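Trainee: Supplied in structure tokens, the structure appears directly below.
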Amino acid sequence: MISLERGARETELAAKVDAFIRDKIIPFERDPRIEHHGPSDDLANELKALARKEGLLSPHVGEAYGGLGLNHREIATVFRSAGYSTLGPIALNIMAPDEGNMAMLEKVASAEQKEKFLRPLAAGKVRSAFLMTEPDGGAGSDPSMMKTTAVLDGNHWVINGVKTLITGADGAAFSIIMAKTGARATMFLADMKTPGIRIERVLDTIDRTMPGGHAVVSLTDVRVSAEDVLGQPDEGFKYAQVRLAPARLTHCMRWWGAAKRAHDIATAYACERQAFGKPLVDHEGVGFMLADNDIDLKQAELTIDWCAWVLDNAGHGAGTAESSVAKVAVSEALYRIADRCVQILGGRGVTDDTPVHQIFRDIRAFRIYDGPSEVHRWSIAKRIKREHKAKASH
């Protein structure tokens with residue numbers, strides 16, 4: 001039976017993060033170092049220093065790497081609290097893609113690779129990137145279409161291809177590169193200064209909360225030592241699922257906190273703003289939107305906790321199907337919340353006077369990355385058909 005009871009450590013840590021975000025991080029939200037493509041590394045490093053001082057940096061990684069070794073249920077609670085400010089996940093060093101890369105490195109990397117790549121990443125000293133998505137005609141929602149190749153040459157692999165929408169590439173110290181090795185795929189660890197790795201451009205996107213933005217990266221005769229293969233050759237697609245299933249859920253956690261922030265701002269406005277002789281909240285058109293927000297927030301929270309419980313309790317490799325369900329249900333619920341909040345705030349909701357309009361833009365992007373809703377629905381439908389056939393055969 002799924003238990004929704006929260007332990008003492010989880011409750012205390014959430015309260016500590018709540019206070020940290022409110023008192024130390026929210027005041028930075030109008031900092032001019034929040035640039036068009038995301039917060040600058042200078043700002044990100046300052047925020048991480050504050051979290052480090054409070055003992056809150058990288059709480060999701062194991063204690064051996066400076067974290068708190070939280071399970072997924074504890075991560076859900078802490079990440080929701082951190083997400084209350086769009087700068088919160090950056091401060092705690094739990095923003096994508098670094099958070100997902102840390103989780104995968106901890107599970108898959110060799111001891112030497114963990115020291116070289118994971119330890120400085122978990123310490124907040126460097127950033128990373130995950131190079132999988134490609135331009136039209138290559139890998140996207142269908143990773144089997146991958147065009148980037150890696151060919152073994154002596155003790156090195158030679159990688160060629162183009163990647164796009166690579167979050168955090170500009171300013172990253174290293175990357176995890178996915179490339180075809182014959183009929184399968186392999187993951188490689190590479191310093192971003194390796195000859196042949198070139199950032200072609202940083203794309204202009206509707207979101208602006210991730211340092212480094214989203215870039216197009218070309219790979220031309222990039223030589224990577226065989227020692228820097230992540231895990232085993234030809235196992236890249238399997239490792240991608242190790243990374244993506246939990247990463248979809250942690251996105252849900254962080255953006256739940258942002259949606260809650262938008263809801264709180266809209267609630268305060270609706271209770272204070274007068275129209276036609278009474279507060280906006282007393283008009284059903286507005287009051288019912290807030291009620292729907294409350295319903296969506298609770299359902300999204302329960303969905304996140306259910307999926308986190310599965311990841312904690314259902315064994316190795318579990319959670320892929322559940323994370324697809326959570327990604328669709330939560331991303332669409334949070335988008336509805338953000339959209340209603342913009343509507344409640346009226347003209348103020350489309351300005352930078354509050355963070356609501358940027359939360360709306362970021363959550364809209366969330367419905368695309370880590371798989372758009374349509375791809376997850378397709379995957380869920382395939383599972384339903386497969387389960388039906390299995391039952392019918394008995």
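Trainee: Could you give the distance between the Cα centres of region 380-394 and region 78-94, to the whole Å?
Mentor: 39 Å
Trainee: Here's something else I'd like to know. Which links in Lys53/Lys107; Lys16/Lys260; Lys24/Lys163; Lys107/Lys327 stretch past 29 Å when you go from one Cα to the other? Don't skip to the answer; put the middle values down first.
Mentor: Working: Lys53/Lys107 27 Å; Lys16/Lys260 18 Å; Lys24/Lys163 36 Å; Lys107/Lys327 22 Å.
As for pairs spanning more than 29 Å Cα to Cα, those are Lys24/Lys163.
Trainee: How high is the relative contact order of the chain? Use alpha-carbon pairs under 8 Å, at least six apart in sequence, and give a whole percent.
Mentor: Details: 692 pairs, mean separation 60.8, N = 394.
Reported relative contact order: 15 percent.
Trainee: What ³J(HN,Hα) values, in whole Hz, does the Karplus curve 6.51 cos²θ - 1.76 cosθ + 1.60 give for region 251-258 when θ = phi - 60°, with x put for Gly and Pro?
Mentor: With the stated coefficients, region 251-258 comes to 4, 4, 4, 4, 6, 4, x, 5 Hz.
Trainee: Just want the ordering: Ser81, Ser324, from fewest to most Cβ atoms lying within 10 Å of their own Cβ. Mind dumping the intermediate values first?
Mentor: Details: Ser81 26, Ser324 23.
Least crowded to most crowded, the residues run Ser324, Ser81.
Trainee: Also, I was wondering about something else. Give the Rg/Rh ratio for region 8-95, taking Rg as the radius of gyration of the Cα atoms and Rh as the Kirkwood radius, to two decimals.
Mentor: Working: Rg = 12.5 Å, Rh = 13.0 Å.
Answer for region 8-95: 0.97.
Trainee: Another question about this same structure. Output wanted: per-residue J couplings in Hz (rounded whole) for region 215-231, from phi through Karplus 6.51 cos²θ - 1.76 cosθ + 1.60, θ = phi - 60°, x for Gly and Pro.
Mentor: 10, 9, 10, 9, 10, 10, 6, 6, 9, 10, 4, 4, 6, 9, 5, 8, x
Trainee: Using only Cα atoms, what Kirkwood radius does region 128-233 have, in angstroms? Present the calculation step by step, with values, prior to reporting the outcome.
Mentor: Values: mean 1/r = 0.0732 Å⁻¹.
Value: 13.7 Å, from the Cα pair sum.
Trainee: By average Cβ neighbour count within 10 Å, what is the ranking of 340-347, 292-299 from highest down?
Mentor: Ranked by mean Cβ neighbours within 10 Å, highest first: 340-347, 292-299.
Trainee: When only C-alpha pairs under 8 Å and at least 6 residues apart count, what is the relative contact order of region 255-394, in percent? Before the final figure, lay out each step's value.
Mentor: Details: 127 pairs, mean separation 37.9, N = 140.
Over region 255-394, the number comes to 27 percent.
Trainee: Give the distance, in whole Å, between the Cα centre of region 158-196 and the Cα centre of region 258-319.
Mentor: First find each Cα centre; the distance between them is then 38 Å.
Trainee: Still on this structure: In µm²/s, what is D for region 237-393 at 4 °C and 1.567 mPa s, where D = kT/(6 pi eta Rh) by Stokes-Einstein and Rh is the Kirkwood radius from Cα pairs? Can you show the working numbers first?
Mentor: On the way: Rh = 16.9 Å.
D, rounded to a whole number, is 77 µm²/s.
Trainee: Percent antiparallel among DSSP beta bridges with both residues in the chain, to the nearest 5? Kindly include the intermediate steps, with their values, before the conclusion.
Mentor: Numbers: 34 of 39 bridges.
Close to 85 percent.
Trainee: Moving on to the next point. Angle between the Cα long axis of helix 41-53 and the longest principal axis of the chain, 0 to 90 degrees, nearest 10?
Mentor: 80 degrees
Trainee: Jot down the per residue volume, in cubic angstrom and as a whole number, of the convex hull over the alpha-carbon atoms of the chain. It would help to have the intermediate numbers written out before the result.
Mentor: Details: hull volume 61.0 nm³, N = 394.
So the per-residue Cα hull volume is 155 Å³.
Trainee: If you don't mind, there's one more thing I want to ask. Rounded if a/c is under 1.5, else prolate if a/b is larger than b/c, else oblate: which is region 115-168, with a ≥ b ≥ c the root eigenvalues of its Cα gyration tensor?
Mentor: Numbers: a/c = 3.13, a/b = 1.36, b/c = 2.31.
Cα axes put region 115-168 in the oblate bin.
Trainee: Output the relative contact order of region 128-233, whole-number percent, from Cα pairs under 8 angstrom with separation of 6+ residues.
Mentor: Working: 254 pairs, mean separation 32.9, N = 106.
About 31 percent, as a whole number.
Trainee: Taking the number of other C-beta atoms within 10 Å as the exposure measure, put Ser393, Ser379, Ser3, Ser128 in order starting with the fewest. Intermediate values should be presented prior to the final figure.
Mentor: Details: Ser393 6, Ser379 18, Ser3 10, Ser128 26.
Listing Ser393, Ser379, Ser3, Ser128 from fewest to most nearby Cβ atoms yields Ser393, Ser3, Ser379, Ser128.
Trainee: For every helix of n ≥ 4 consecutive DSSP H residues, a contribution of -39,500 (n - 2.57) applies; sum these over the chain, divide by its total residues, and give [θ] at 222 nm rounded to the nearest 500 deg cm²/dmol. The partial results should precede the final answer.
Mentor: On the way: 11 runs with 181 residues, N = 394.
For the chain, the value works out to -15500 deg cm²/dmol.
Trainee: So for each of 37-49, 136-148 I average, over its residues, the number of other beta carbons within 10 Å; can you give me the resulting order with the highest mean first?
Mentor: On the way: 37-49: 18.8, 136-148: 15.2.
Averaged packing, sorted descending, gives the order 37-49, 136-148.
Trainee: Between Arg386 and Gln232, what is 0.36 nm times their sequence separation minus the Cα-Cα distance? Round to one decimal in nm.
Mentor: 52.5 nm
Trainee: Ranking His357, His72 by Cβ neighbours within 10 Å, fewest first, what do you get? The partial results should precede the final answer.
Mentor: Details: His357 19, His72 22.
Going from sparsest to densest Cβ surroundings: His357, His72.
Bear in mind these aren't lab numbers, they're just calculated from the coordinates by the rules spelled out. In this text, all values refer to a predicted model and were calculated from it rather than measured experimentally. Backbone-built Cβ (ideal geometry, glycine too); neighbour counts: all protein chains shown.
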